[in-house]
Each structure stands twice: as C-alpha cells, then as structure tokens.
Amino acid sequence: MKNLILIAIVTFLGFSAQAQTKKNKNLKYTTEVNGNCEQCKKRIEKAAFGVPGVKTANWDISSHQLTVILNEEKSSTADLNKAVAKAGHDTKEVRATQQDYDNLHSCCKYERE
Amino acid sequence: MQKNILLFMVFLLSVSVFSQEDLEEVKVTKKQKSLKKSYTVTANTTVITSKELLKAACCNLAESFETNPSIDVNFSDALTGTKQIKMLGLTSPYLMITEENIPSVRGASQAYGLSFTPGTWIESVQITKGAGSVINGYESISGQINTELLKPLNDIPFFLNAYGSTDARFELNTHFNKKLSDKWATSLFLHGNTRVAKNDMNDDGFLDNPLGKQINILNRYQYYNPESGLVSFINFRYMNDKKQTGEVDFDKDTDRGTTNQWGSEINTERFDVSTKIGYVFKDMPYQSIGFQNAFNSHKQESYFGLNQYDIKQNSFYSNLIFNSIINNTMHKFTAGLNFTYDQYQEFVNATDYSRIDNSVGAFFEYTYDNTDNFSLILGGRVDNHNRLGFFITPRLHMRYNPWKDGVIRFSAGRGKRSANIFAENQQLFASSRTFSILDNSGKIYGLNPEIAWNYGMSFSQKFKLFSKNAEAGFDIYRTDFQNQAVVDLMESPQEVLFYNLKGNSFANSLQLEFNYELIHNLNLRTAYKYYDIQTDYLRGTFQRPLQAKHRFLGNLEFETQLNDDKQWKFDYTFNWSGKQQLPYTASNPEADRFPEFSPSYAVMNIQVTRVFSSVFEVYAGGENIGNYKQEKAILGADDPFGANFDASIAYAPIFGQMYYAGLRFKIK
C-alpha cells in the first residue's frame, strides 16, 4: 500500500516536474566543502554517495571542490549539501552543526569560516 | 579543459577496468618511481613505467623484465638467443599478453612474439599476477601483461635511439610525430636491428646467438574530440625478422637441407591492422562504449637442420565493451562481446596441421569499490569455441586495506586454452628428438584443452625504517591443472612426448619482497622466489624441467639530483638462480649427458646513463659482467645429425659477458 502511494506520488511529481522545469538526470554540480585531509575526502565522498541519485562524487583536497553528478529526480542539491554538513563538513550552502563538527577526528578539524 | 582531460582519462580508463587505475598510476608516478605497486588497485598489478624500461640494456619487450620481480627471464634454447618469460613458474603461453588490451602474443607468435615489440615504443607495461580480468579472454592462467604504446597526442615530435653492443648487435629507433589538427595526431615508429658478426665464445662450433635482421614499422593515428566524447586509434604495422643460427660455417645457400653443416633459419613476416573507437556519453563520464578490431597475419618459415617448420596464422579479433554504473560509481560494471577467428596453416616437416579456430563469447564484470578500503571485481564469461566447446570462465579479485599503507589481496579464477604444441615448443626442433603425440581423441592435435584454476593472495606494507621509506610484502599462488598438454622431456633424450595429463600437475609459488630507500635517491629492491612446480610424467613425478626452485633478485638504482637538466643514473641488477631440474639424458653416452640438476649461478648487469640535457643522453652498460656461461650448451655438438644432438637445453647464459652503449636524442 505504502509503495502504491509512493508510486502515485512519484508519478504525480514526475508530471508536475515536467510541467515546470525538466529535472536533469545527470546534473553536474560543484560546490565548495571545507576539509583538510585524505580522511576528510573519504568522509565527504561517502556522505555524498549516501544521497540517493548521486552517481559520482569527488572531493579535491587542494581546491576543496566537491564535484558530483546527481539525478535530480531522486534528490536535490540541497539534500546533498545537508548530507555533507551532517557528516561534519561545512559547505557553501549549509553549515554543519557544532555537534557534528565536534565529532570529527582531530586531523579533520578544519578552520571554520 | 580540465573537463576534457577528465573525459579523456575516463574513456581510456574505461577500455578495461584493469587498465583503469593503471593509467592513472602512470600519470602520478612517472617522475617518482620506475616500478609502482598501487595500494588501491584491486588486482595484484605492477606498473613498469618507461623509466624502468630504460634500465634494460636492450631493446625489446622480452628483455624489459630483467629488473622485475614478478617475471622471470630465461633462455629458451642455446641457439636463437630468445628470452622466455615466466610468471608464477609458468611460461608465456599461460599468460595473456596484450598490446593496448588486444591479445598480441598468441598462437604462432608465442615463441618470439615478445621480441617483436621494440622497447622504445612502449609507454608502460602493466603486469597482473594471478587470474586477471575476463574482458580480454579466457586464456590467461597465471597472469596478464598489457603493454601500452606511446600515444600520438602526447608524443614528442622526434626521437632517435641508437645502440651497439660487443655481441655485434646494432639497433636504430626513430620516432616521428605530427599533430595533424587539434583532434588528430599521428606517430611513425621505425625500428631496425641487426647482428652482423658470428660469435662462438664457447668454441663448440655453433653460433652463440643468431645472425639477424629485423625491420619493424608502426604508423598510428589518434583522434580525440572532447566536445563529442569520441576517441579513436588506428594502427598499421609491418614486421620482418630474419634469423640464422647453427654451425659457424653453415652457408644457407649451399648447406640447407644437407648434412654438410647444421644450420637453421627462422624468417617471420607479420602485418597488423587494429582500430579502436570509443565514445563517452555526454554528461555521463562514467558511461562509455568501446569497439576494438584487430586483424593480423603472421607467417613464419623456418628450418632447424633437417626439420622444417612453417606456420601461418591469420587472425581476427573483435571486442565490444560497454562500461557503466549501477546507482553510483561505487558499483561499476563492464559488459561486452568478443569474437576471435584464427586460421592456421601449419606444416611440421611433411605433416599438415592446418585448421581453423573460432570463438564467440560474452562477458560481464562487476566492480565494487567502497572508495575507502575495500574493492572487489567479480567477472564471468561464457564462450563457445569450435574446439574448446561451450564453457564458463569465472574470476574474482578482492582488495582490503586493513590499516594505513597495508594491503591484502585475494584472487581466484579459471583459464582454458588450446596448446599450440609445436609453435610453443619449437626450440625442440633444434634437436634429434622425435615428436610423438600419444593421444588422438582430442580436438587439438589429438589433445584436450588445457584447464587450470589459479588461486592467490598477497600482502604488502609500507613503513618507515630509520626514517626512510621501506616496503615489505609476500604473495603466494597456486595453479592447479585439471588438464594439461604435457610436454614430456623426462622419458628419453631422443623423444619429446605430448599427452593429456594423467594424474597431477600444479605450480606453487611464493615471493618475498623487500624494498628500501637506503639513502636519498638510492633505492634497493630485493625479492626471493620459491617455486614448486610438479607434473606427473610417464616416468614419474618431477619438477618442471628448466625451472629453478629458488631465485633471488636484487636491484640497486641511484640517480643524482637533476641539475640544470643534467643527471647521472646508475643501475645494478643481481639475479641468482638455484639448481634446475634438467631433461632426462642419462641414457646417452657419458659425453652427451647433462647431470640431473643444473648448477646454480648468478648473473649481474650494470648500466650508467648520463643525461646531458632534456634533448640528449647517452648510456653504457654490461650484461652478465660476471661472465657466467653454461659449460656445455649443446649436446652432441660434434655430431649434429646424430642421435644425441640437442640444442634445446639452456639453463644459463650461453654467450657470457656483453657490453653495450647507446644514445637517445629528443626534440620536444
């Protein structure tokens, strides 16, 4: 039953989405994410991969740029930013909570802006 | 631009999952290390970069493994100077040897094929121990060797290499490169080598290495369009190789086919055309499709004394590959189809073994990578072959990093192949042995297909020792033959027998490795290898002949700091080989016998390179500077048409010490 509702909603959303702007199945999205090291890289990418619809994720240590390819039909870029912030890393869009930041390993405690 | 590079990389990488990380490695390590073992690649793969290749004296792919612990270099016989390679104690027919992921050394080219790729053409070599990927085929049993040639779009406009040595061998390599447009580039590689003088250092009346001439030409085109995601390679290649060996006084014009003098000629002509086309989907750099086609014609005409051996192979190979992801790039897959067609015209003396082989197969390979410390490649293929039948080939590789700078790997897989018994054992024609095939019910020369399982695991750890970089590791592998085309040299010195394995045949190997940066820019590489390779022959169970049970490799490299583009490089390699089981000769008269086991011996090579600028460098070195020689190289050398003649038993260098010098000139 739950599934049926879900399908109905998805179908409905699908139609309405098409009515508005067509959602990109392969959106290339880049955002700045704060972090330091190899360990941060693994955590950031893991968080990104945890978001439904994220197909690739790569965080560059030196430039701090997180580049993903995202299926917008499954998640929004806001969902991505939230998920990364939840892992403790500030993004340009969403700031991590103090508690999530404090949970980071000592080597990952980047300087916050 | 960055995106373009990314797209391009992704395509190249996607051609095979295995070459994927390899190519990346080359990029990363080119300036740092000459031999690189990655800690994040799933399979047990070592990459030999072009820097490492420069350490080898000379000059072709067969000779470029002397400093590599994964591969053992042996001599195939006492006449042709051919070097034979082994991995996990098994000879090259049990390896999958590919050039840019297209099978290259197979069938008719098995004996000399590696010497038909000049060293200067090579960009890098990836060596995978164990089962390997299913993408290129089902034939690999103990390992895979893939060679990447220089890419026209990255090549320099002009390169020249000249080489000469005291065994009268001369080589000339010239490369030309032209960018035809921003999307097209072409390279033309010309290679010639020759040995002009007769050498007989051990005074047995036979040449220690053959007189020879080789012309080798490759013209390749590369297309790359970042906007459309289209990539293509087109290669044309022609090779002509002539060798003459045998008694010093042999004159091919008057003595061929007679018993005046014993002599041999091996003439090979080869023509290759190959194309690759790839497309990376727009906005989906993880998804691509590739289509490879290769045609080659390989013709060898040869005689060994009164034995005549001619083989011509026309081959067509086609491979369609699709790469994509399941949800995200942590789950990748490769799927595709292969088609292989081989037409053989083979004549052993008067017997005609001509035949046509063809196979069609489909493969699927799944790769999981948690982007952290674990990855897995699970592959399978189904093939239908007119002689091997319908069969399934499963392969598995796993990698786990339990802690920092440590890696554990595991692999298992099955391989199946038809043994080209004459082409693979043609050194035996240089003997008075009679060839007998004892079975006649199989489809390949009366024999059944060879089937083997290979299992292995390895561990490597990097650490600091006295604040210098160190690395230690081991690997163990086992190959279990379910069936084998046994080549029996243990029955009689006048016979070689071929038959289906009855009983057991296995190859166990253990390798211990320790590498250390002794002082800045001085690197030590050491490896100890243990092999236990047993086969049940008619006479009983023996170690595989001409295989040392213990081997040791040491390599020291030193280079000075680059100063104004000037540099010195020094390289020293020590190879020790323990005693080897020799073919049975005890029934011969005493003068024409070998002992049961060969003595152990060591071979040392040195090389010095002086880089004068980024344009010009010279190098000089010595091979086998300890001057070790196999005491008796040819049995029955005084009566080469008699019953005891045998030039196929080479366990050590025949020639002794050899010195060489060469130069490299580049226009960038």
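Nothing in this text is a laboratory measurement; each read-out follows from the coordinates by a stated rule. Bear in mind the structure is a predicted one, so any value in this text is a computation, not a measurement. With ideal geometry, Cβ positions are generated from the backbone for all residues, glycine too; neighbour counts draw on all protein chains shown.
Once each part is reduced to its C-alpha centroid, what is the distance from the range B:287-316 to the range B:591-637 in angstrom? When both Cα centres are located, 31 Å separates them.
Note on the range B:2-667: antiparallel DSSP beta bridges, both residues inside, total approximately 95 percent of the bridges counted.
Here's the picture: charge each Lys and Arg Cβ at +1 and each Asp and Glu Cβ at -1 in the protein assembly as shown, and of B:S648, B:M330, B:L190 the one pushed furthest to the positive end of that dipole is B:M330.
Nearest 10 degrees, 0 to 90: what angle lies between the long axis of helix B:2-14 and the longest principal axis of chain B (Cα atoms)? On a 0 to 90 degree scale, this one is about 40.
Using a cut-off of 18 Å between Cα atoms, the listed pairs A:K109/B:K404; A:K23/B:K332; B:K86/B:K151; B:K549/B:K579; B:K151/B:K312; B:K37/B:K569 include A:K109/B:K404; A:K23/B:K332; B:K86/B:K151; B:K151/B:K312; B:K37/B:K569 as exceeding that distance. Considering only C-alpha atoms, what is the centroid distance from the range A:56-101 to the range B:425-498, in Å? The two parts, judged by their Cα centres, are 52 Å apart. For B:F645, the residues whose amide H sits under 5 Å from its own are B:S432, ignoring neighbours fewer than 5 places away on the same chain, with H placed 1.01 Å from N.
When B:V603, B:V125 are arranged by Cβ crowding within 10 Å, least crowded first, meaning fewest neighbours, the order is B:V603, B:V125.
Rounded, prolate or oblate: pick one for the range B:2-667, where a ≥ b ≥ c are the square roots of the eigenvalues of its C-alpha gyration tensor, a/c under 1.5 means rounded, and failing that, prolate if a/b is larger than b/c, else oblate. Rounded shape, in that the Cα axes give a/c under 1.5. A crude spin-label estimate for the pair B:F364 and B:L378, with each label 7 Å from Cα along the Cβ direction, gives 1.1 nm. Roughly how tilted is helix B:17-29, in degrees to the nearest 10 and between 0 and 90, from the longest Cα axis of chain B? For B:17-29 against chain B, the angle is about 80 degrees.
In sequence order, the range B:452-466 has phi-based couplings of 8, 10, 10, 10, x, 9, 8, 9, 9, 9, 9, 7, 9, 10, 6 Hz under the Karplus curve 6.51 cos²θ - 1.76 cosθ + 1.60, θ = phi - 60°, and Gly or Pro positions carry x.
In whole angstrom, note down how far apart the Cα centers of the range B:356-373 and the range B:46-65 are. One Cα centre to the other: 28 Å.
When the charge dipole of the protein assembly as shown is built from unit charges on Cβ atoms (+1 for Lys and Arg, -1 for Asp and Glu) and taken about the Cα centre, the candidate among B:Y317, A:N71, B:V496 whose Cα reaches farthest toward its positive end is A:N71. Given +1 at the Cβ of Lys and Arg, -1 at the Cβ of Asp and Glu and no other charges, the dipole of the range A:24-108 around its Cα centre is 220 debye to the nearest 20. The local environment of A:E45, defined by Cβ-Cβ distances under 13 Å, has a net charge of +1 under the rule Lys, Arg +1 and Asp, Glu -1.
Peptide A:45-58 has a mean shielding of 4, counted as Cβ atoms of other protein chains within 10 Å of each residue's Cβ.
Each of A:K92, A:K41 has some number of other Cβ atoms within 10 Å of its Cβ, and from fewest to most they run A:K92, A:K41. Couplings 3J(HN,Hα) of the range B:219-231, computed from phi: 10, 10, 10, 10, 10, 8, 10, x, 5, 8, x, 9, 9 Hz, in residue order, whole Hz [Karplus 6.51 cos²θ - 1.76 cosθ + 1.60, θ = phi - 60°; x for Gly and Pro].
Protection proxy ranking of B:299-310, B:533-544, B:70-81, B:486-497, by the mean of other Cβ atoms within 10 Å over each peptide's residues and highest first, is B:70-81, B:486-497, B:299-310, B:533-544. Ordering B:I392, B:F363, B:L53 by the projection of their Cα atoms onto the charge dipole of the protein assembly as shown, which places +1 on the Cβ of Lys and Arg and -1 on the Cβ of Asp and Glu, puts B:F363 at the extreme positive end.
Placing unit charges on the Cβ atoms only, positive for Lys and Arg and negative for Asp and Glu, gives the protein assembly as shown a dipole magnitude near 2940 debye about its Cα centre.
The calculated 222 nm mean residue ellipticity attributable to helices in the protein assembly as shown amounts to -3000 deg cm²/dmol, summing -39500 (n - 2.57) over DSSP H runs of n ≥ 4 and dividing by all residues.
For the range A:24-108, the number of Lys pairs with C-alpha atoms closer than 18 Å, counting only pairs eight or more positions apart or on separate chains, is 22. The simple spin-label model puts a point 7 Å past each Cα toward its Cβ; for B:L306 and A:C107 those points are separated by 7.4 nm. Rounded, prolate or oblate: which one fits the range B:541-644, using the alpha carbon gyration tensor with axes a ≥ b ≥ c (rounded when a/c is under 1.5, else prolate when a/b beats b/c, else oblate)? Prolate, because a/c is 1.5 or more and a/b exceeds b/c.
Take the Cβ atoms of B:F236 and A:R95, set R0 to 41 Å, and the FRET efficiency comes out at 0.10. Counting 0.36 nm for each residue step from B:I392 to B:N627 and taking away their Cα separation leaves a gain of 79.7 nm.
Counting beta carbons within 10 Å around each of B:V407, B:V360 and listing the fewest first gives the order B:V360, B:V407. Computed about the Cα centre, the dipole magnitude for the range B:2-667 is approximately 2060 debye when only Lys and Arg (+1) and Asp and Glu (-1) carry charge, each at its Cβ.
Where a ≥ b ≥ c are the square roots of the eigenvalues of the C-alpha gyration tensor, would you call the range B:465-564 rounded, which needs a/c under 1.5, or, failing that, prolate if a/b is larger than b/c, or oblate? Judged from the Cα gyration tensor, the range B:465-564 comes out prolate (a/c at least 1.5, a/b above b/c). Spin-label pair B:Y455-B:V615: with each label point 7 Å from Cα along the Cα-Cβ axis, the two points sit 6.0 nm from one another.
Local charge for B:G446 was computed over the other residues whose Cβ lies under 13 Å away, with Lys and Arg +1 and Asp and Glu -1, and equals +2. Separation of the alpha carbons by more than 28 angstrom is noted, of B:K83/B:K198; B:K129/B:K213; B:K276/B:K299, for B:K129/B:K213. Check cross-link reach from B:K178 to the aspartates and glutamates: straight Cα distance under 19 Å, and skip same-chain residues fewer than eight apart. Result set, ordered by chain and number: B:E123, B:D155.
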